[in-house]
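In what follows, a structure is listed as structure tokens, so that the remarks can point back to it.
Readers should treat all values here as calculations from the given coordinates under stated rules, not as data from a laboratory. These figures come from a predicted structure and were not determined experimentally. Quick reminder, even Gly has a Cβ in these numbers, built from the backbone with ideal geometry, and neighbours come from all protein chains shown.
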Amino acid sequence: MVRLVLPYPVRFGWFIVSCAVLAVLGGMMPLLVKTLFSILEERTPPGWITSYFGAHSARHVYFALLCTAIVVSGLQMLARFLNRYLEAWLSQRVVLDAQNRLAEKLLSMDIGFFMRERTGEIISRMSNDLLFLGRTIKFGSTFISDPLQLIAYLVAIFVISWKLALLGLIGAPLGGYLMSVLSRKMRKASKRAQEKRADITSAMVQFLGGMKIVKAFACEDYESRQFQGETKKLFGVTMKREQARAWMRPVMEFVSSVGMLAVLALAGEWYFNGTIKLNDLTGFIAALMMMYNPAKELSRSNSDLQEALPGADRVFALLAVEPNIVEGEKILSGSPETICFENIDFAYSPDAPVLKDINLEIKRGECVALVGPTGSGKSTMTNLLLRFYDPDRGRVAIDGTDIRDYTFKSLRSRMALVGQDPFLFNGTIRDNIAYGQADATQEKIEAAASAANIHDDILSFPDGYDTIVGERGTNLSGGQRQRVTIARALYKNAPLLILDEATSSLDSVSEKQVQAALDHLMAGRTSLVIAHRLSTIRHADRIVVLENGRITAQGTHEELLELSPTYAKLVQLQNGTGEEK
């Protein structure tokens, strides 16, 4: 816990001060009670008071000590307020810092990380586990403040009667052992509960994201049963945790009660025998009663802490993950003259190679199209160029320099991507076109929209450029979404354009509108185009045919009809389905 709050030394320092003040003031109270009863019993002030403050009547000293007790109670109130406030401030601040660090960590991770991890698992760590981290700080602080108070009370009872104090501590080892056993069980069950919560979040993300399919296949009952199965598992592990929690407080109360009763039995015997005075007995009992509250808080906080620690561990585990793709230090500027794929081998998993011995050079201003059957490695080549992944062998070089030597920002700022699935953020059309641009102007946004053939559509909306597109752009048609992404690429004005089947999911009318926008976008730029509809890339400077992860042919459309049986077959298949000749 201390490591998490070290960035805030002043507030943490005041928190420690408030804990110490509470402990000192708490220890004073039973001694004050003992002194008050001593005055009532002896009818004369204790010798140490007259030695320091001179001779006073017992009545004056008695009421002066009562006033002192009131002042001590007031100071305790202020110290407790400061303690609780700083505890809350530190716990909330740590959660906020961890949330920001998690966001930065996730944004720094490579695409492969998100392919391996479930979205629901990540969301669970960003939400549920972060809340438990805050609780870790809150309950963990109890292990600073309450032990200090317990020490103060122990000092007081040892001052009053060390024999009774030792007797009261006889049950402490047994209580500590039982607490450690229950704590281990609870922490183990809490860890499993956190994992099950992540499973439930993943299930929710899955059926919410695929709601159209769920409805189309009438699988509501199936998804409901699946979800109920996950919640049933969570219930099981949660009850194991609650069983351990339910034992903690009763066990501690039983051990404490037995110890206290044993002390009171001996104290009563000593009092009746005249071995101990009434004021000592009263002060001792007062100290024991005051010890009960911090002891109870420690027991409760320990059970809550055991529940919260696994969530905190999961947060730190995610923060400790390092990306597989590490950026370089060189800055790429200007328009690249050449892009080279040199002896590239790549596989997403060891037993499934995707690219084998790829060699390809793209020159500035050239339009190169990648075609081939599904799974031939077309999109993988663009993923390597964007450095979503690194090749297993060989390199991708820009102007003779391995792209692994460039910073991510300088590399990717030279590229604009328009994909098959047009992703829009849940904001305005204006924000989506000028995504990430702090100095966006309306004039530049409208110019990009006009070039993408979407400006008139935008003006037809009641809110114009302030129209909210909805989550993933659901308030727009497929063609409109695609043209907004093209406007986004135009606004970025990058010298290298990557088109990944940008028209494959559109109807013929939308395709013509989008294709016209793409033609405007590609003008004067180096373009790498993946095309499903071959009619859209017939006029490319060069068409590259991939098959089983290898480049089997390169050339113009007319050349490939003669040189590549694979390309010729693809053209024939599309012509046979009504593709324009």
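The table that follows gives values for the structure above.
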| item | result |
| --- | --- |
| Where labels lie 7 Å past Cα in the beta-carbon direction, separation of Ser57 and Arg84 in nm | 4.1 nm |
| Residue order, fewest to most surrounding Cβ atoms within 10 angstrom, among Ser460, Ser91 | Ser460, Ser91 |
| Cα-based helix-to-principal-axis angle, 508-522 vs the chain, degrees rounded to 10 | 90 degrees |
| Relative exposure of Thr382, Thr374, Thr428, judged by other C-beta atoms within 10 Å (fewest first) | Thr374, Thr428, Thr382 |
| The chain, relative contact order [Cα under 8 Å, separation at least 6], % | 14 percent |
| Sites Lys444 and Ser127 - FRET efficiency at Förster radius 41 Å, r taken between beta-carbons, to 0.05 | 0.65 |
| Helix axis angle, 220-273 relative to the chain longest principal axis, alpha carbon, degrees | 20 degrees |
| Loop GluC sites (Glu not before Pro), the stretch 275-332, which have at most 12 other Cβ atoms in a 10 Å radius of their Cβ (DSSP) | Glu329 |
| Of Lys138/Lys240; Lys196/Lys378; Lys330/Lys492; Lys105/Lys330, those spanning more than 26 Å from alpha-carbon to alpha-carbon | Lys196/Lys378 |
| Residue (of Leu319, Ile276, Cys340) at the positive-pole extreme of the stretch 273-347, dipole from beta-carbon charges | Ile276 |
| Sorted by Cβ density within 10 Å, fewest first, the residues Ser145, Ser180 | Ser180, Ser145 |
| Per-peptide average of other Cβ atoms within 10 Å, ordering 478-488, 446-456, 430-440 highest first | 478-488, 446-456, 430-440 |
| Which label in [x] 27.2, 87; [y] 25.5, 83; [z] 36.4, 121 gives the computed Rg and Dmax of the Cα atoms in Å | [z] |
| Estimated dipole of the chain in Debye, rounded to 20 [Cβ of Lys and Arg +1, of Asp and Glu -1, Cα centre] | 2560 debye |
